[in-house]
1. For labels at residue 491 and residue 471 in the simple 7 Å Cα→Cβ model, what's the distance in nm?
2. Express in whole angstrom the spacing between the alpha-carbon centres of segment 81-127 and segment 251-330.
3. Could you tell me which trypsin sites (Lys or Arg not before Pro) in segment 335-368 are loop residues by DSSP with no more than 11 other beta carbons within 10 angstrom of their beta carbon?
4. What residues of segment 193-230 lie in the reach of a label at residue 267, counting those whose backbone N is under 12 Å from a point 7 Å from the Cα along Cα→Cβ?
5. Using R₀ = 41 Å, calculate the FRET efficiency as 1/(1 + (r/R₀)^6) where r is the Cβ-Cβ separation of residue 185 and residue 350; round to 0.05.
6. Among the lysines, select those whose C-alpha is under 21 Å from the C-alpha of residue 271, and discard any that sit fewer than 8 residues away in the same chain.
7. To the nearest 20 Debye, how big is the dipole of segment 324-492 about its Cα centre, given +1 on the beta carbon of each Lys and Arg and -1 on that of each Asp and Glu?
8. Per 0.36 nm of contour for each residue apart, how much would the distance between residue 289 and residue 392 grow if the chain were fully extended, relative to their Cα-Cα spacing?
Amino acid sequence: MDDNTNRLSSSEETARQSYPDINAVSEMLEERGVPESDMWMGREVFGNVYRYIARYLERYHATAYKVLFTVSFKDETLTDDARTDIMTRFREIVQESLRSSDVMVKASQNQILLVLQEVNAGNIDTVLDRMLNKWYRSDYSGSVSLRWETQSMNAHYDEVIVGTGNNKEWVVIVDDDAVNLKIAEHVLSRSNMRTTTLKSGHDLIDFLMTNTPDLVLLDIKMPDMDGFEALNTIRETGGNMARIPIIFLTADEDTQNEATGFAMGAIDFIKKPFVPEILTARVKRAVRMIRLQNHLTDEVNNKIYENEQMLIHIVQTLAEAIDAKDTYTNGHSSRVADYTREIAKRYGYKDDKLNDIYMMGLLHDIGKIGVPDAVINKPGKLTDEEFEMIKNHPVMGARILKNIREKPKLAYGARWHHEKYGGGGYPDGLSGDDIPEEARIIAVADAYDAMTSSRSYREPLSQERVRAEIVKGSGTQFDPAFADIMLEMIDEDFDYHMREGG
């Protein structure tokens with residue numbers, strides 16, 4: 001099974017929100033907190049069995065897995081009796097695959113929990129496949145969405161794997177010819193694939209609005225909306241729908257159709273009438289390739305995320321070292337980074353841009369490393385020479401950060417956070433939009449934290465005074481757009497928590 005949660009349909013999402021997950025169920029069992037009415041065996045009986053198994057596993061170093069199935073109904077108009085019948089059949093099918101040593105219990109209205117003894121990470125997939133194959137061959141499976149979570153009883157609560165029925169190949173077949181649909185469905189089902197059959201391009205588009213199959217087999221020649229029109233609509237819709245791989249089905253030998261299909265993004269063509277071995281082989285190969293690509297993409301994204309988090313941690317540590325030089329600015333860089341990120345988020349920054357500007361905020365004062373501690377912590381008025389040392393920290397900071405070639409913009413905040421929107425700032429005397437946008441955001445956040453923090457020569461200013469200063473500086477010291485966002489944040493901070501020690 002995949003280690004990451006697959007995309008859920010709207011009904012599955014509802015199920016996830018409405019019912020406890022496997023961690024919650026586990027905690028209830030261990031704390032004897034499951035209501036009597038929710039346990040088939042009774043709260044005390046099952047709780048005792050569960051804890052006995054847990055002690056047995058610990059004592060004899062045995063293995064067992066918990067599986068929590070959550071069933072959600074696609075048709076909200078189903079009667080209570082119909083829902084009960086479906087749940088009863090689901091439990092019967094699951095029970096047919098259980099051994100005498102396994103335990104099954106109702107965890108909530110639409111959930112069943114299994115405790116499978118002598119099952120480990122190497123064979124849990126096989127055990128699940130045996131249950132699910134029987135279920136998907138039943139008449140009831142098409143009326144529900146099924147989600148399951150597995151967790152080793154030898155593991156901590158966060159080691160959970162989630163499935164939504166997509167671990168076996170799910171192929172949607174679209175053809176206006178009922179015979180072709182039946183043949184393709186039979187061939188692929190016989191090869192242990194999950195299939196859904198549709199009769200038109202319109203049906204396909206409606207279906208893909210709430211479902212994400214592994215692959216679509218799409219006939220070219222259909223009335224009302226042919227395969228090319230359907231694919232074009234799918235690609236124009238975008239989102240997850242646009243990423244679903246398409247293989248065209250055709251009875252023609254027209255090479256122009258093939259050229260058109262490939263140009264539109266189809267990954268293959270399969271000729272009709274079907275040759276079962278070829279149909280199966282091409283579908284399995286396509287699904288394997290797509291899953292491999294998705295897996296590699298996930299691995300790359302995970303590695304990028306890990307590296308990003310490590311970089312942020314290093315930068316946070318460096319920011320703390322910078323702040324430690326100044327007795328009166330403990331935590332200043334972190335607060336500026338937090339305010340900066342919030343302003344940027346409200347302005348519309350997302351994902352990587354938010355991470356980047358957060359790091360710029362953390363490192364905006366890195367140049368102070370080169371300023372003597374005696375100058376930074378001097379309680380009295382600075383001499384002109386000492387003030388020039390302070391004014392040089394943006395240049396020094398930019399010189400340090402420009403060597404990080406992978407993040408060239410990191411230097412922006414360090415160099416230009418003391419520039420003024422109306423001119424007259426330092427070190428370069430820039431104004432207006434000539435000041436990089438990120439530096440304009442940091443400038444507001446930096447000034448706000450300076451006013452709301454203790455200094456050697458004064459206590460933090462009142463919130464009213466800080467607000468007035470931001471209003472006064474809008475258009476002169478600060479970019480009005482970012483000053484307005486800062487004022488919005490101030491107005492939402494009713495208890496004045498957004499400050500040093502707040």
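No lab work stands behind these numbers, since they all come straight from the coordinates. Everything numeric in this text was worked out from a predicted model, so none of it was measured. Because the Cβ atoms are built from the backbone with ideal geometry, glycine has one as well, and the counts that use them run over all protein chains shown.
1. 1.1 nm
2. 34 Å
3. 350
4. Counting only backbone N, you get 213-217.
5. Efficiency at R0 = 41 Å is approximately 0.45.
6. Within reach: 182, 199, 221, 284.
7. Magnitude of the dipole: close to 340 debye.
8. Answer, rounded to one decimal: 31.5 nm.
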